[in-house]
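Here, each number is a calculation from the coordinates, and none is a lab measurement. As the structure is a computational prediction, the values presented were derived from the model and not from experiment. Glycine gets a Cβ as well: all are built from the backbone with ideal geometry, and neighbour counts include every protein chain shown.
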């Protein structure tokens, strides 16, 4: 999973005054890759027939281990400084903590 790139950093105009051996060349072209991670989710459901009506209950718990430092995406800012590539840092989206969901449905 990679961050969404800033297309302006990878144009002829952005790289025009740099030579290929310049360390800034690689810093401008490099795209950040996010760490791999996982979550543990729990899901269950049950249905019953009650007087000719189907009743179904569905319950789920997402992110059971409550991992919140998991970057799920992000982007490079559209502004940048050729002299200091880290001046405008990347923005990240993080996973929600533990979430719950329950649904009760009736079918004729």
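Taken along the Cα-to-beta-carbon direction at a fixed 7 Å, the label points for residue 49 and residue 24 span 7.5 nm. Spread over its residues, the convex hull of the C-alpha atoms of the chain is 134 Å³ per residue.
Distance between the 7 Å Cα→Cβ label points at residue 59 and residue 72: 2.3 nm. When only Cα pairs below 8 angstrom with a gap of at least 6 residues are kept, the chain shows a relative contact order of 30 percent. In this calculation the C-beta distance from residue 83 to residue 38 is compared with R0 = 30 Å, giving a FRET efficiency of 0.20.
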